[in-house]
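Here the structure is laid out as C-alpha cells; the discussion comes afterwards.
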Amino acid sequence: MTLIGWLQILLFLGAILALTKPFGTFMYRVFEGEKTWLTPVLRPVERVIYKVGGVKEGEEMPWTTYTVAMLLFSIVTLLVTYAVLRFQAFLPWYDKTYMTTTMTPDLAFSTAVSFTTNTNWQAYSGENTMTYFSQMVALTSHNFFSAATGIAIAIALVRGLGRRSAASIGNFWVDLTRTTLYVLLPLCIVYALVLCQQGVVQNFHPYGTVKTLEGASQVIPGGPFASQEAIKMLGTNGGGPFNANSAHPFENPTALTDFLQVLSIFLIGAGIVYTFGLYVGNTKQGWALWGAMGFLFLIGVSVAYTQEAKGNPLVAATGVEDRASVLGDSGGNMEGKETRFGIARSALFATVTTDASCGAVNSMHDSYTPLGGLVPMANIMTGEVIFGGVGAGLYGMLMYAILAVFIAGLMVGRTPEYLGKKVEAFEIKMAMLATLVLAADVLLFTALASVSHVPHPAAYWNTVGTSVNALASANTNNSGPHGFSEILYAYDSTTGNNGSAFAGISVNTPFWNLTQGISMLVGRFLMIVPLLAIAGSMVKKKRVAASAGTFPTDTPLFAGLLVGVVIIVGALTYFPAVSLGPVVEHFLMHSGKTF
Amino acid sequence: MAKQLLISIRITLVLLLLVSGIYPLVVWGVSQAAFKHQANGSLIRNAQGQVVGSELLAQGFTKPEYFHPRPSAAGNGYDPTASSGTNLGPTSDKLINGVHKKDLSPGKPDPSDFDGVVDLAKSYRTENGLAATALVPVDAVTRSASGLDPQISPANALLQAARVAKARGISEEKLRGLIKENTSGRGLGFLGEPAVNVLKLNLALDAVK
C-alpha cells in the first residue's frame, strides 16, 4: 500500500461526490421534460423518434403497461441480437481466418440474453469470435438499450414513491428515448473521443500482420471500439470487444483512461440518487442512500487494496520481491495485473465494477488473493447496490430501504412508512420475492454445477477440450477451493447481471450457456417486475403526515441501519457458500498449501 | 399489447440506426481526422520505416541484447488474437511450480509445459547473472491480465540493464538514460504507476550507433 494509492482512491470518491448533484439535477430535468442546454439540438431528433416509433409523448402508463412495454422491447432487441450473431458469417467484416470460435445456438443465446439483461457475461473471447459488425450492431446497441431500460425502471419506481394518489408511473418509451438521447449519447461521443485520443482503436481495418523486432509475426487487430468502450463503461455494461476487457491496452491504454473508466461506472449511479431526492421532494433522502453507498464502497476497496498489496505469500517464498515498501504499487500480487495500473488502480477497479453491475475488469479477478477476490464476489452478492448499475443500483437500494424500514417498524411495533407512504404486506412480499429468488438462483445453480454430470450419447452438453461428457465442474481452471469459487462466482455474476468472472472457467458449452442464460433472465426480470409492482402499489397511496412515531429516513441513523441490512442479508444468505471457497482458501494459502 | 409490440419494433429500428450506425460512424470520422495514429492502433515504425508493432501491445523478446517484457499467457505468448491472463488462483500449484512433463518426441516441446513462478525466477536470475538468492521483481515472474502488457516496472528494467549493456557493448550509464527516457510517469502526476515501454526502449536501443 502507498499513500499515493490511497490518494487515488479518495480523490476518485471525491470526484463522484462533486458530480452527483450537477448530474442528478440534469437527469431530473431530462426526465421531467424540462429544458436543458441540449434541448435546442436534440428536441427535434426526439420528436422524429416518437413520430417514427408511433409514441404518444403525453400518454402515461400504469405499472402493468409500463412492464409489458419494457418486456416487449427486451424481447424484440434480444431477438435482433440473436439473429445478427447467428448470421454474422454472412454479414460484413467476417474473416474466417480469425473467427475461430463457432457461433453455436447456445452461445448466441447466452450472449444475446447477456447483453439484453445488462450482464455482458461473455462465454467467448471477442477477438476470435465476434465480427466488427456483431460488436457494433448486435452488442453496442444493447449497451445503450439495457442501460436506458435500467434507468427508466428506476425513474418509474421513483415516480411511484414520489407521486401521491396517482395511477400511472410515466411512459416507458419516452423514458427510454430521453435516456438514450440526452444522457447517454452526448456523453458517449465526448468520452469516446477522449478514449481514442489516449489510444483506444476506432477503425475498420482487417486484422493485419507485422514483423516484430526479433523477426516473429504478430497479428494486430482493429475495430470500431472507442465508441463501444464508452457506452460499455457509462452504461455499466462491461462487455468489451477483447477477451482481456479493460486490461487490454487497446481498450484501456493509460492510467488516465482507467480513471475515466471507473468514474464513468459510478457517474449515473451516483447522480440518479440525487435525482431520486428531487423526485421525492427532499434531497436529504437521496444523500442518506449516498452515505450508505459511500461507506460500503470504502469498506470493499480497503479490503481489496490491503489484501492485494500484501501479495501472495506462496510467490514471495520463491525469492520474489513483492514488498510495497520497495516497489510501491508495482509490488504485491501482480499475477493478472497490468504494470500501468499497479495494485491500487486494479483493486479500485475490481471494487467499483462489482459495486455497480458493470463487470468490466482491468485485472483478472481469478488471480486475486482469496480475500481480495472475495470483495468483488461479495459486492455482487449484496445486490450491486453501491451506486450500482445504471438505474439498477438505485432500485436495488430502494428495495433494501423498504426492508430496512420494515425491520425498524418491527422493532418498535409500528406500521413502517417510507417517504410518507405506508409499507404494507404487498410491498414486503414483493421485496422478499426478489431477494429470495435471486439468492436461490445463485446457490441452487452453483450446487447443481458443482455435482452434476449430464451424460448424453452425442456428448453434446459439456465437452471441454478432450474430455467428453465431463462433469460440469471439470470446466474450472483451478482445483481445490478456488475451483469452487470459480463456479460460485460464475452464477453470482450472471444472476447479479454483473458479467465479471473468475475467468479461468470454460463456460462455452451448452450446459453452461443455458444455465447461465437462465440465471441472467431470472436475475434481471424477477428483480424488475416485483419492483415495478411495488411502484404500482406505492403510487396509489396517500402521503401521511410525519408524526412523532415516524422513523426518519433522511438521517445518518437510517443510513447506518441500511448498511446493516445490506450486510446482514448478504452475509446470512451467502456465508456458508463463501466459507467453502475464498475463506477456506485464505487459511490454506497461509499454511502453504497448493492444489 | 399489439400496439406496444408495434412500437417496440419501430423504436428498435430507429434507435439501432442512431446508436449502432450514426454514433460509431461519427466517432470514427472525427477520430480518423483528429487522432489517426491512435485510432489505427498506435503503430510504430523502425528506422527503415517498416511497421514493427504497436506501442501499446507487448511482443516477445528473447535475445540478450533486447529488454524482455513480462511473461505472457496470451495464446502461445504475446498473441493479440487471444488476449488473456493465466487465471490461475493464488493457491494454484501450476502457478507456483509450473507443469513439466517429459517430451513425448525428442526435439519437440511438450505442449503442456508451463513455467511457474519458481522457473521464471530461476531463468530471470540466470539470464541477468544474478545470485541464486537474489530477489526478483514480482512483475518479471507474473503474467499480466491481458498477456499484452507493453510495460515493465523500472526496477525490472534496471536489473536487465547489465545484460543488455554487455550484449551490445554500450555503457550501463547510457542504458539507464534510455530507460529513463522511455519511462512514462504517473498520469496527471498521480494516476497509475511509472512504467517502462519495452518495445519503444528496444527501438531506441537499435537506433544507438
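Please treat every number below as a calculation from the coordinates, not as lab data. All values derive from a computational prediction rather than experimental measurement. Positions of Cβ are generated from backbone atoms using ideal geometry, with glycine treated the same way; all protein chains shown enter the neighbour counts.
A Cβ-based charge dipole, computed about the Cα centre of region A:274-369 with Lys and Arg at +1 and Asp and Glu at -1, lands at about 320 debye. Here is how the number arises for chain A: DSSP H runs of 4 or more residues each give -39500 (n - 2.57), the sum is divided by the residue count, and the result at 222 nm is -19500 deg cm²/dmol. For region A:66-121 versus region B:133-209, the inter-centroid distance based on Cα atoms is 42 Å. Comparing A:GLY126, B:SER8, A:PRO481 along the charge dipole axis of the protein assembly as shown, the residue lying farthest to the positive side is B:SER8, per the Cβ-charge model. Placing unit charges on the Cβ atoms of the charged side chains and taking the dipole of chain A about its Cα centre, the candidate lying farthest along the positive direction among A:ALA546, A:ALA392, A:PHE145 is A:ALA546. Computed about its Cα centre, the charge dipole of region A:253-412 is approximately 360 debye, with only Lys, Arg, Asp and Glu carrying charge at their Cβ. Quick one: which of A:LYS211/B:LYS36; A:LYS21/A:LYS56; B:LYS63/B:LYS166; A:LYS310/A:LYS337; A:LYS337/B:LYS63; A:LYS21/A:LYS541 span more than 19 angstrom between C-alpha atoms? As for pairs spanning more than 19 Å Cα to Cα, those are A:LYS211/B:LYS36; A:LYS21/A:LYS56; A:LYS337/B:LYS63; A:LYS21/A:LYS541.
The residues packed around A:VAL507, meaning those with a beta-carbon under 15 Å from its beta-carbon, carry a net charge of -4 if Lys and Arg are +1 and Asp and Glu are -1.
Given their separation in residues at 0.36 nm each and the Cα-Cα distance between them, A:ALA15 and A:SER452 gain 152.6 nm when the chain is fully extended. The phi-based Karplus calculation (6.51 cos²θ - 1.76 cosθ + 1.60; θ = phi - 60°) puts the 3J(HN,Hα) values of region B:51-68 at 5, 10, x, 10, 5, 8, 10, 5, 10, x, 10, 10, 5, x, 7, 10, 6, 9 Hz, whole numbers, x for Gly and Pro.
Which of the listed residues, B:GLN59, B:LEU120, B:VAL141, is farthest toward the dipole's positive end in chain B, when Lys, Arg count +1 and Asp, Glu count -1 at the beta-carbon? With unit charges placed on the Cβ atoms, the residue in question is B:GLN59. So what does log10 I(q)/I(0) come out to for chain B at q = 0.08, 0.10, 0.15 Å⁻¹, using the Debye formula with one equal point on every Cα and no solvent? So the normalised log intensities work out to -0.42, -0.59, -1.06. The fewest-to-most ranking of B:LEU25, B:LEU15, A:LEU187, A:LEU3 by surrounding Cβ atoms within 10 Å reads A:LEU3, B:LEU25, A:LEU187, B:LEU15. Could you work out the relative contact order of region A:1-131? I mean the mean sequence separation of Cα pairs under 8 Å and 6+ apart, divided by the number of residues, in percent. Contact order relative to length: 18 percent.
Around B:GLY129, with a cut-off of 10 angstrom between Cβ atoms, what is the net charge of the other residues, counting Lys and Arg +1 and Asp and Glu -1? Combined, the nearby Lys, Arg, Asp and Glu give +2. Per-residue shielding of B:171-179, expressed as the average number of other chain Cβ atoms within 10 Å of the residue Cβ, stands at 0.
Evaluated with a Cβ-only charge set (Lys, Arg +1; Asp, Glu -1), chain A carries a dipole of roughly 1700 debye about its Cα centre, given to the nearest 20.
Ordering A:237-250, A:151-164 by mean Cβ neighbour count within 10 Å, with the highest value first, yields A:237-250, A:151-164.
Exposure proxy for A:LEU371, A:LEU488: other Cβ atoms within 10 Å of each Cβ, ordered fewest to most, give A:LEU371, A:LEU488.
Distance distribution note for region A:237-396: the fraction of Cα pairs above 26 angstrom is 29%. For peptide B:112-120, the mean count of partner chain Cβ atoms within 10 Å of a residue's Cβ comes to 2. Short-range pairs are left out: with C-alpha atoms under 8 Å and at least six residues apart, the relative contact order of chain A is 19 percent. Other residues whose C-beta falls under 11 angstrom from the C-beta of A:GLU308 contribute a net charge of 0, scoring Lys and Arg +1 and Asp and Glu -1.
Spin-label model, A:HIS590 to B:ALA204: label points 7 Å out along the Cα-to-beta-carbon direction sit 4.3 nm apart. Region B:61-79 and region A:264-286 have their alpha-carbon centroids 48 Å apart. Taking all Cα pairs closer than 8 Å and separated by 6 or more residues, the relative contact order of chain B comes to 20 percent.
A straight Cα-to-Cα reach below 19 Å connects B:LYS3 with the aspartates and glutamates A:GLU57, A:GLU59, A:GLU60, A:ASP175, residues fewer than 8 places away in its own chain not being considered. Hey, what D do you get for chain A in µm²/s if you plug the Kirkwood alpha-carbon radius into Stokes-Einstein at 37 °C and 0.692 mPa s? Diffusion coefficient, whole number: 135 µm²/s.
Peptide packing for B:51-62, B:186-197, A:91-102 was compared via the average number of neighbouring C-beta atoms within 10 Å per residue; ordered from the highest value, the list is B:51-62, B:186-197, A:91-102.
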